[in-house]
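> Below you will find the structure I want to go over with you.
The values are calculated or read from the model by the stated rules, or taken from the named source; none is laboratory data. Everything numeric here is computed off the predicted structure, so don't read it as measured data. Glycine also receives a Cβ, built like all others from the backbone with ideal geometry; neighbour counts cover every protein chain displayed. Heads up: the accessible areas ignore ligands, DNA and RNA and are worked out on the full protein's heavy atoms, side chains in. Shrake-Rupley method; radii C 1.70, N 1.55, O 1.52, S 1.80 Å.
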Amino acid sequence: MSTFLRAQATASQLFTRYPNRQFALAVRQFHVSRRSLSTLPNTPTSPSPSPPPRPEFSRWCHTLQFIGRVTLITIVTTGGVFYYITQKDRHPGQQLPHDPSKKNLVVVGSGWGSTAFLKNLDTSDYNVTVISPHNFFLFTPLLPSVAVGTLATNSILQPIRYLTRHKNRKVTVIEAEAKSVDPIAKTITFADETEVQGEVSSTTIPFDYLVYAVGAQTQTFGIPGVKEHASFMKEIQDAEKFKRRFMDCVESAGFPGQSEEEINRLLHMVVVGGGPTGIEVSGELHDFLEDDLKSWYPELSSKIKITLIEALPSVLPMFSRELIDYTVSTFKESKIDILTGTMVKEIKEKSIVLQMPDKSIKEVPVGLVVWAGGNKARDVSVNLMSRLPDAQKNKRGITVDDHLRMAGTDGSIFALGDCTSSQYAPTAQVASQQGAYLARMFRQFAKRDALLEQISAARHEGKSTESLEKQFTKAENLRPFHYSHQGSLAYIGSEKAIADLEFFHHKFASGGVATFLFWRSAYLSTLFSLRNRVLVATDWLKVKLFGRDLVRD
């Protein structure tokens, strides 16, 4: 403002000093001087307009904004769905009560077969009772991972009530050991064998239908010392026992004053059985050694030795020759010794006696033996088969027909899974498909019984039953069980896996790191519930970041 006043005073002076034409020239000079004043420092100027944004920059900003909105919506939606599913699983609704007019269906066991059966069964058609020594379902393919601490114990366990409480009609779950089954009187006797028992610990109940799926126990072939000195890999307790004994061997090997010979014995781990379980235990042990023990036990890790023993000429007989060779070469790179054609004659406290391929006998010092060799029938199954000697002659397990009905019965007892001696291998895949098939069968039984009641009522009222009889005949036509092989998977260590898969009657064999990722994704999707999937995925991530737990509990 002061600058403008000074310019105005200067113009007045020019007008006084230069009239007419001279005044015009003076005014012109005044304007020139005024423009000069506008360029001086601290002189306010009007802001120049900013250039318009470039089209490419504008499109990029819109794209980022769109991606941000989509990401936010996805996160919120996924989180909402996740929360809804978890809360739905935690808070089951009301169930239909026990109905005396319905038939009593008893399910024995909580393994792959019985769990698949319960999952697909419509319980509104029956009064269902589950009897099992465990109140949970165990995801057995990942048991070797629990044995070395890759997964936590609870990550592969799912309480069976998480399934039964979501069924239409109430399902009674009893934690007890089945002792005997009377196929004539149609009764089952069971006992509570837990540490804490009540006044009543044994009872007998009747059944109209019995689904028998008690599984099998480990086959020892009568070899001395197996039960006393070997670790099994069948139940969750076996994996926990193995981990404790393995860490005991490592810690004892580091005790002061231990001789070199004793250290080598303690750190020699032997796995008996060249099937998928034995292969995966060996692979998991190798990973534990490479990923963790080398860092925390550098003075002992180089002395740990893993040996796999198989009585047959080859490991993994259910896989293709190509994958067998790949497994053998991978184990060779991992320094895992494979002894095929070698039989175990005896297991002692500190050694294992072997019959080599040349028939010579060799005693090898060992610290730990893992037994993963075959199955045999449980005592309760042997007792049940002995009641039907004419029809049950196979000692490997219960003989069933094409509809999974126990031979020698009136069709009221069904057997599935490892307790049977069917033409199929005793695998989780077979048992799971048998359970789903049997659930469809029981839906058909319920439909057939309902039609029979309608036919009886129509005849009593003098109505035509032709249409109902046609439906009944159709319901009586039962399709036999057909197993559809989906392929075989096995983890072989070093983040590698093998897979024999079938697609549209074509076989595909693959092995390596990519197959390992497929192995993990396949097992993750097969897990019982969202809870198990989250826990297992979290355990894998935790081990990748922090390593396995070395604590011996």
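> Being over 19 Å from GLN95 (Cβ atoms), in contact with a helix residue (DSSP H, G or I) (Cβ under 7 Å, 6 or more places away or on another chain) and either assigned to a strand (DSSP E or B) or open to solvent by 10 Å² or more (accessible area, probe 1.4 Å) (or both) is the filter here; which residues of the stretch 117-143 pass it?
PHE137, LEU138, THR140, PRO141
> Can you run down the residue pairs with Cβ atoms below 9 Å, 6 or more apart or on separate chains, where the first is in the stretch 220-247 and on the phi > 0 side of the Ramachandran plot and at pLDDT 95 or above and the partner is basic (Lys, Arg) and surrounded by 15 or more Cβ atoms within 10 Å (Cβ to Cβ)?
Listed pairs, sorted by first residue: GLY225/LYS348.
> Restricting attention to strands (runs of 3 or more DSSP E) lying wholly within the stretch 442-553, give those where 2 or more residues are within 28 Å of LYS241 (Cα to Cα). Don't jump to the end; show me each part of the working.
Values: elements: 487-493, 496-503, 506-512.
Per the criteria, 487-493, 496-503.
> Sticking with this structure for a sec: All but one of (1) at negative phi; (2) surrounded by fewer than 13 Cβ atoms within 10 Å (Cβ to Cβ) hold for LYS359; which doesn't?
(1)
> Going through the stretch 272-315 one residue at a time, which ones are among the basic types (Lys, Arg) and over 30 Å from THR220 (Cα atoms)?
LYS294
> Please work out if LYS294 is open to solvent by 60 Å² or more (accessible area, probe 1.4 Å), closer than 24 Å to VAL513 by Cβ and touching a helix residue (DSSP H, G or I) at 6+ places or on another chain (Cβ under 6 Å).
Spelling it out, LYS294 is indeed open to solvent by 60 Å² or more (accessible area, probe 1.4 Å), closer than 24 Å to VAL513 by Cβ and touching a helix residue (DSSP H, G or I) at 6+ places or on another chain (Cβ under 6 Å).
> Moving on to the next point. In this structure, does GLY435 turn out to be touching a residue at least 40 places away in the same chain (Cβ under 8 Å), of a type in the set (Gly, Ala, Ser) and not in a loop (DSSP other than H, G, I, E, B)?
yes
The rows are residues; the columns are (1) touching a residue at least 60 places away in the same chain (Cβ under 8 Å); (2) under 20 Å from MET318 (Cα atoms).
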| residue | (1), (2) |
| --- | --- |
| ALA428 | yes, yes |
| ALA439 | yes, no |
| ILE455 | no, no |
| THR465 | no, no |
| THR473 | no, no |
| GLU476 | no, no |
| PHE481 | yes, no |
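> If I ask for residues that are closer than 30 Å to ALA450 by Cα, open to solvent by less than 90 Å² (accessible area, probe 1.4 Å) and among the small types (Gly, Ala, Ser), which ones from the stretch 74-115 would you list?
Answer for the stretch 74-115, where residues must be closer than 30 Å to ALA450 by Cα, open to solvent by less than 90 Å² (accessible area, probe 1.4 Å) and among the small types (Gly, Ala, Ser): GLY93, GLY109, SER110, GLY113, SER114.
> Based on what the data block shows, is ILE352 more than 33 Å from the chain's Cα centre (by Cα) and of a type outside the set (Lys, Arg)?
Working: more than 33 Å from the chain's Cα centre (by Cα): yes; of a type outside the set (Lys, Arg): yes.
Answer is yes for this residue.
> Within the stretch 152-211, take every residue that is in a strand (DSSP E or B) and of a type in the set (D, E, K, R) and give me the one that is least open to solvent (accessible area, probe 1.4 Å).
ARG169
> On to the next question. Considering SER494, SER525, SER529, SER488, which residue is within 30 Å of GLU280 (Cβ to Cβ), free of Cβ contacts under 8 Å to residues at least 24 places away in the same chain and among the polar types (S, T, N, Q)?
Of the residues listed, the single one that is within 30 Å of GLU280 (Cβ to Cβ), free of Cβ contacts under 8 Å to residues at least 24 places away in the same chain and among the polar types (S, T, N, Q) is SER525.
> Okay, moving on. Within the stretch 244-274, how many residues are open to solvent by less than 60 Å² (accessible area, probe 1.4 Å) and within 11 Å of VAL370 (Cα to Cα)?
Counting residues in the stretch 244-274 that are open to solvent by less than 60 Å² (accessible area, probe 1.4 Å) and within 11 Å of VAL370 (Cα to Cα) gives 6.
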